[in-house]
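Here's the structure we're looking at; comments come further down.
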Amino acid sequence: MVHTRPQPQFLNQAMVSGKPILRFIFFTHTVLLLLLALSGPAIASEPAGEDALDADLEEIEELLAVDSELEQQTFSEDAGAKLSEAEVLTRAQRIVHELNTDSYRKVIEKNEYVLLLGYAPWCQRSAELMPQFAEAATTLKELGNPVVMAKLDAERYPKAASSLEIKGFPTLLLFTNGTSQFYTGGYSGEDIVIWTRKKTGVPVIRLNSVPEAEGFLKKNHIFVLGLFEKYKGPNYEEFIKAAKTDNELQFVELSDVEVARVLFPDVAISNNFLGIVKSEHEQYTKFEGAFKRKKILQFLAINKFPLVTKLTEANSIRVYSSPVKLQLFVFAEEDDLQKLLEPLQDVARKFKSKIMFVFVDIKDENLAKPFLTLYGLEDTRDIVVAAFDNKISSKYLLEADPIPNNIEDFCSRLLSGALSPFFKSQPVPDDADASIMVVVGKTFNELILESPKNILLEVYTPWCINCEATSKEVEKLAKHFKDSNNLVIARIDASANEHPKLQVSDYPTLLFYPARDKSNPTKLSTKTSLKDKANFINKHLKAKGSISKDEL
Ligand SMILES: *[C@@H]1O[C@H](CO)[C@@H](O)[C@H](O)[C@H]1NC(C)=O
């Protein structure tokens, strides 16, 4: 986990016009700076002094000595009990070991497993992860897990950080007998517990009795269960392999149908049953394929998300990398979503495993804005329903009212490929008399592609550094060629207008569209002299001949 923002594939489209991404990065940083200015260092805990550290170390070693006796226990009743935030932090301060330049090697070398959080005091995401890490530390200790949870202030101890290859913040590393691997799980306390247990020898929890299953159910809102009479055989082995490969779901194994029914009421009375359970609408999904690791993982990748997933910083990477490449996004305020949620779930069920439904809080600027900018809707307060096809990087917009019927129709057409992709456009300007014709996304076909004339098109953005100089030249060219009835000089603001046939990535760009063939515009170098540009145009207007110096 590094302090960079995940980019959904389709956000790359924004790079065509460039501006949204730039503005977005600027925005994020401004917010971050503001937060820092207001709140000071995000992490309150002081690194402990030497004596305190030694005392901590001793305490942890004592705790571990006691805990290791419990190690073989598969499930503890108390694990994950909800604590108040203050309690969690206090308890975690004892459990999470604060490393420094002197102690870090010793701790990593002396312990079989160390989960290390490298953080920086000013980093917002580190601050958000800290209580989750603390909660995980508490739970893991209660479960008797052998892992030592530690953190390192990488800003205060840069040498230690760089020797551990901590480069971004926050970074989570698991050291196994001194060898590190990057953390690949989710970012809630529960996620950290699940991942850590998987990597420290407990890929699956075994539930032996009805009370155990009931206790487990209270504390886990999503899990995978496997029913295997004897816990052996090829199917069971594939199940275990899947549990070890997967990084985020808790797997449980059972051998008793009665115990399994507590978790999955319709469990089939057969050997080798596998299903996923979620604490929502679409609660129980049975696996129907052949018991192969890959097939099981595919099934989970499609089914682990709820019918409607709320986008957060923590799950955004998982959402963007979902194998379900058609995604429907609803941008709304929380209140509006609450009203829409149930009907939306009903629609989502009809497109299950084909279209992923994602909700984004429209007030969360960091998450919503980059998407809304793709549609030129960054200032809207209304519900926006949009869709993305991540296979072909296309985006779509529901232009009708966002009521369930319309959303369902929109999804059907998304699935069948009948939707027209969305392209940004400013309103059509009223500029009949202008010497330079203004083209927008909506008029690109008519004014450029279908025009019988030669066209010189200036593609610019308001923020590009060299655009102004080129604009001035284009104005001079317009003056020079004003009497040519065979040439139109036009410009388009590429930050606010898109067209599938306009694929420009640097600005300014000058394109010459010959009258007879609009499919292959010629790119003029913007760096040549004005005279060369005029010559170029002339050469294309007339088959022969050029322009004398005096004419410019
Ligand atoms: C770590 O090292 C110890 C001692 O050599 C060994 O017993 C243990 O199996 C090792 N752990 C792992 C996960 O390799």
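The values are calculated or read from the model by the stated rules, or taken from the named source; none is laboratory data. Nothing here was measured: the structure is a model prediction, and the numbers come from that model. Counting neighbours? That spans all protein chains shown, and the Cβs are built from the backbone with ideal geometry, glycine included.
Determine whether region 232-244 contains at least one residue that is assigned by TED's automatic domain parsing to the domain that holds residue 279, more than 16 Å from the ligand (Cβ to nearest atom) and polar (S, T, N, Q).
Yes.
What residue, of 139, 101, is closer than 14 Å to residue 192 by Cα, at pLDDT below 95 and either in the same structural domain as residue 187 (by TED's automatic domain parsing) or of a type in the set (Val, Ile, Thr) (or both)? Steps first, answer last, please.
On the way: 101 fails: closer than 14 Å to residue 192 by Cα.
Just a single option satisfies the conditions, and that option is 139.
Quick one: in region 198-227, of everything that is within 16 Å of the ligand (Cβ to nearest atom) and in a loop (DSSP other than H, G, I, E, B), which residue is surrounded by the fewest Cβ atoms within 10 Å (Cβ to Cβ)?
Taking region 198-227 first, the residues within 16 Å of the ligand (Cβ to nearest atom) are 198-203.
Subset that is in a loop (DSSP other than H, G, I, E, B): 200-203.
Numbers: 200: 18, 201: 12, 202: 21, 203: 20.
So the residue we want is 201.
From (1) surrounded by 18 or more Cβ atoms within 10 Å (Cβ to Cβ); (2) not assigned by TED's automatic domain parsing to the domain that holds residue 323, pick out the condition that doesn't hold for residue 370.
So residue 370 meets the others, but not (2).
Do you know which residues across region 400-435 are farther than 30 Å from residue 458 by Cβ, free of Cβ contacts under 8 Å to residues at least 40 places away in the same chain and among the charged types (D, E, K, R)?
401, 409, 413
Could you check how many residues of region 513-543 are in contact (Cβ under 8 Å) with a residue 40 or more places away in the chain, of a type outside the set (A, V, I, L, M) and farther than 11 Å from residue 456 by Cβ?
Summing the residues that are in contact (Cβ under 8 Å) with a residue 40 or more places away in the chain, of a type outside the set (A, V, I, L, M) and farther than 11 Å from residue 456 by Cβ in region 513-543 gives 2.
How many residues does region 181-191 hold that are within 13 Å of residue 113 (Cβ to Cβ) and away from the ligand (no atom under 16 Å from the Cβ)? Let's see the steps before the verdict.
Filtering region 181-191 down to residues within 13 Å of residue 113 (Cβ to Cβ) leaves 181, 183.
From what is left, the residues that are away from the ligand (no atom under 16 Å from the Cβ) are 183.
Within region 181-191, residues that are within 13 Å of residue 113 (Cβ to Cβ) and away from the ligand (no atom under 16 Å from the Cβ) number 1.
Mind listing just one residue for me: the one in region 108-143 that is within 16 Å of the ligand (Cβ to nearest atom) and part of a loop (DSSP other than H, G, I, E, B) and, of those, surrounded by the fewest Cβ atoms within 10 Å (Cβ to Cβ)?
So, considering only residues that are within 16 Å of the ligand (Cβ to nearest atom) and part of a loop (DSSP other than H, G, I, E, B), the one surrounded by the fewest Cβ atoms within 10 Å (Cβ to Cβ) is 112.
Please find, within region 314-332, the residue that is surrounded by the most Cβ atoms within 10 Å (Cβ to Cβ) out of those that are modelled with pLDDT of 95 or more and not small (Gly, Ala, Ser). Steps first, please.
Within region 314-332, the first condition is being modelled with pLDDT of 95 or more, and the residues that meet it are 326-332.
If we keep only those that are not small (Gly, Ala, Ser) too, we end up with 326-331.
Values: 326: 18, 327: 21, 328: 24, 329: 22, 330: 23, 331: 28.
Restricting to residues being modelled with pLDDT of 95 or more and not small (Gly, Ala, Ser), the top hit is 331.
Is there a residue in region 413-425 that is over 26 Å from residue 324 (Cβ atoms) and not in a strand (DSSP E or B)?
For region 413-425, residues over 26 Å from residue 324 (Cβ atoms) and not in a strand (DSSP E or B): present.
Mind telling me which of the residues 357, 351 ends up being of a type in the set (Phe, Trp, Tyr) and crowded, with 22+ Cβ neighbours inside 10 Å?
Matching residue, one of 357, 351: 357.
Those residues that are assigned to a loop (DSSP other than H, G, I, E, B) and without any contact (Cβ under 8 Å) to a residue 40 or more places away in the chain, I need them from region 451-476; list them, please.
465
Of the numbered conditions (1) surrounded by fewer than 13 Cβ atoms within 10 Å (Cβ to Cβ); (2) within 40 Å of the chain's Cα centre (by Cα), residue 424 satisfies every one except a single condition; which is it?
Unmet condition: (1).
Look through 229, 248, 214 and report the one residue that is of a type outside the set (Val, Ile, Thr), within 22 Å of residue 174 (Cβ to Cβ) and not assigned by TED's automatic domain parsing to the domain that holds residue 328.
None of the other options fit; the residue is 248.
Do we find a residue being modelled with pLDDT of 95 or more and small (Gly, Ala, Ser) anywhere in region 497-514?
Within region 497-514, not a single residue is modelled with pLDDT of 95 or more and small (Gly, Ala, Ser).
For a quick check of your reading of the model, give me the residue pairs whose first member lies in region 93-112 and is touching a residue at least 40 places away in the same chain (Cβ under 8 Å), whose second is among the aromatic types (Phe, Trp, Tyr) and away from the ligand (no atom under 16 Å from the Cβ), with beta-carbon atoms closer than 9 Å and at least 6 apart or on different chains.
What qualifies is 96/133; 99/157; 100/157; 101/157; 104/157.
Quick one: residue 175 ticks every box in (1) in contact with a Phe, Trp or Tyr (Cβ under 8 Å, 6 or more places away or on another chain); (2) within 15 Å of the ligand (Cβ to nearest atom); (3) within 27 Å of residue 216 (Cβ to Cβ) bar one, so which box is it?
Of the numbered conditions (1) in contact with a Phe, Trp or Tyr (Cβ under 8 Å, 6 or more places away or on another chain); (2) within 15 Å of the ligand (Cβ to nearest atom); (3) within 27 Å of residue 216 (Cβ to Cβ), the odd one out for residue 175 is (3).
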